[in-house]
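*Asks:* Structure incoming, see below.
The values are calculated or read from the model by the stated rules, or taken from the named source; none is laboratory data. These figures come from a predicted structure and were not determined experimentally. We place every Cβ from the backbone using ideal geometry, glycine too, and count neighbours over all the protein chains shown. Only protein heavy atoms, including side chains, enter the accessible area calculation; ligands, DNA and RNA are left aside. Shrake-Rupley method; radii C 1.70, N 1.55, O 1.52, S 1.80 Å.
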Number of protein chains: 2
Amino acid sequence: MSQSSLKQEIRRRAKNFQRVRAAHQTEVAEDYVELIDDLIAETGEARVVDLADRLGVTKATVNNTVQRLVREELATSQPYRSIFLTPKGQSLARKSRKRHELVRDVLVALGVDEETADADAEGIEHHVSKETLAAFRKFLGRGE
Amino acid sequence: MSQSSLKQEIRRRAKNFQRVRAAHQTEVAEDYVELIDDLIAETGEARVVDLADRLGVTKATVNNTVQRLVREELATSQPYRSIFLTPKGQSLARKSRKRHELVRDVLVALGVDEETADADAEGIEHHVSKETLAAFRKFLGRGE
DNA sequence: TGACAAAGTTAGCTATGACTAACTCTGTGG
DNA sequence: CCACAGAGTTAGTCATAGCTAACTTTGTCA
């Protein structure tokens, strides 16, 4: 490999690490909006205490994060009231859920048991590119 | 679903989120030791400046993280000298590389192009359980 | 109707992991 | 043999994301 293409390769990989780090910052938001959407569907409202229980964190942590979601215009909240999603938040929630299900289904198709597949999909889903999602859909025979 | 199994389900999912968060804390360490191992193999030594270039961060950031690796007994370093892995660090590096390659190969087998597969594997590899890795090996016909 | 439990909030702490800027050390080429 | 460029380090800042402890608000039921 030439000197210049070696440098290019190094830069390409660096960009990739940067992409992964960026994905991390969106993960939390995706997990929250998906859960908020679920809770509203299941119980009619999304409360701090329920998010805390389901995420395995304290109410204080949920509060902090919800404030970030509000700042990013993914959610709305009034003091002492339950949390709602903005249209932007809803669309992110649905996109996240679909992606989660696709990843889980691929894992199951590869022979992973359902519970493990669901658990692993939670970590994996945030790092799957559009191209890979398309390949997954094709693999499962769900159109391109 | 009964009340008690609903609660169990909630606890199970909370544990899973906690597991994913814990995985995040090991990701950085895994990326570093893998790169350090690569650099030593390729160039004979692992320098701060090369790690910084390849990870897309500054030298200061690399320094901080290397100190954490030393604290966790994954690496050793003397001031103004290059970085080495402890046996524990080497074993983590090799485990990480194998896992990365396995994930990449599965993605390629599913029809993802090589460059995308390698890029996505970087984010995904840290969230794949033993069970799923075993299923991947079986899927690729590489023994159980 | 008001006490109190449950829910929500706030304040203040920790660690990680990123940054810049300013510094020191190393080692090599003139 | 030493100047200086390049490498490494340190100090100080910021945001995220977690925690506990202490507080306030809400809403229910005796």
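*Asks:* Could you provide, to the nearest whole Å², the per residue accessible area of the stretch A:1-70 with probe 1.4 Å? Show your work: numbers first, answer last.
*Replies:* Numbers: 3880 Å² over 70 residues.
Accessible surface, normalised per residue, equals 55 Å².
*Asks:* Can you give the convex hull volume per residue for the Cα atoms of the stretch A:3-139, as a whole number of Å³?
*Replies:* Numbers: hull volume 19.9 nm³, N = 137.
Dividing the Cα hull volume of the stretch A:3-139 by its residue count gives 145 Å³.
*Asks:* Could you check the simple spin-label distance between A:Glu114 and B:Glu101, using points 7 Å along Cα→Cβ, in nm with one decimal?
*Replies:* Label at A:Glu114, label at B:Glu101, 3.6 nm between them.
*Asks:* How big is the gap, in Å, between the Cα center of the stretch B:69-144 and the Cα center of the stretch A:92-117?
*Replies:* For the stretch B:69-144 versus the stretch A:92-117, the Cα centre distance is 21 Å.
*Asks:* Same structure again: Quick check on chain B: helices-only [θ] at 222 nm, where DSSP H runs of length 4 and up contribute -39,500 (n - 2.57) each and the sum goes over total residues. Nearest 500, please.
*Replies:* Per the formula, -25000 deg cm²/dmol.
*Asks:* To the nearest 10 square angstrom, how much accessible area does A:Arg104 have with a 1.4 angstrom probe?
*Replies:* 70
*Asks:* Another question about this same structure. What are the residues whose amide H is under 5 Å from the amide H of A:Ala46, where those residues sit 5 or more places off or on another chain and H is modelled from the backbone?
*Replies:* Amide H to amide H, under 5 Å and 5 or more residues apart or across chains, A:Ala46 pairs with A:Ile83.
*Asks:* May I pose another question? Going by alpha carbons, how many degrees (0 to 90, nearest 10) lie between the helix axis of A:3-43 and the longest principal axis of chain A?
*Replies:* Helix A:3-43 sits at roughly 20 degrees to that axis.
*Asks:* Sticking with this structure for a sec: Of B:Ile83, A:Ile10, which has the most accessible area with a 1.4 Å probe, and how do the rest follow in descending order? Write down the numbers at each step before the final one.
*Replies:* On the way: B:Ile83 5, A:Ile10 35 Å².
The ordering from most to least exposed comes out as A:Ile10, B:Ile83.
*Asks:* What is the Å³ per residue value for the convex hull set by the Cα atoms of the stretch A:44-106?
*Replies:* 101
*Asks:* Please pull out the direction-averaged projected area of the protein assembly as shown, using the convex hull of its alpha-carbon atoms, in nm² to one decimal place.
*Replies:* The Cα convex hull of the protein assembly as shown, projected and averaged over all directions, gives 18.0 nm².
*Asks:* How would B:Thr65, A:Thr26 line up by accessible area, probe 1.4 Å, largest first? Before the final figure, lay out the partial values.
*Replies:* Working: B:Thr65 20, A:Thr26 65 Å².
Order by accessible area, largest first: A:Thr26, B:Thr65.
*Asks:* Each label point is 7 Å from the Cα along the Cα-to-Cβ direction; what then is the distance between the points at A:Lys130 and B:Ala60, in nm?
*Replies:* 3.5
*Asks:* On to the next question. Starting from the residue with the highest accessible area, list A:Phe17, B:Phe84 in decreasing order, probe 1.4 Å.
*Replies:* Working: A:Phe17 20, B:Phe84 90 Å².
So, going from the largest accessible area down, we get B:Phe84, A:Phe17.
*Asks:* Looking at the stretch B:43-73, which residues lose a minimum of 50 Å² of accessible area between their chain alone and all protein chains in place, measuring with a 1.4 Å probe and not counting ligands or nucleic acids?
*Replies:* B:Arg54, B:Leu55
*Asks:* Next question. Find the sum over both chains of the accessible area lost when B and A are paired, probe 1.4 Å, and report it in Å² to the nearest 100. Mind dumping the intermediate values first?
*Replies:* Values: alone 9720 and 9730 Å², together 15960 Å².
Summing both sides, the interface buries roughly 3500 Å².
*Asks:* Additional query: Counting only protein heavy atoms, what percent of the accessible surface of chain B is carbon or sulfur at a 1.4 Å probe?
*Replies:* 50
*Asks:* Follow-up. List nothing, just return the count: lysine pairs in chain A, 8 or more apart or interchain, with Cα separation under 30 Å.
*Replies:* 18
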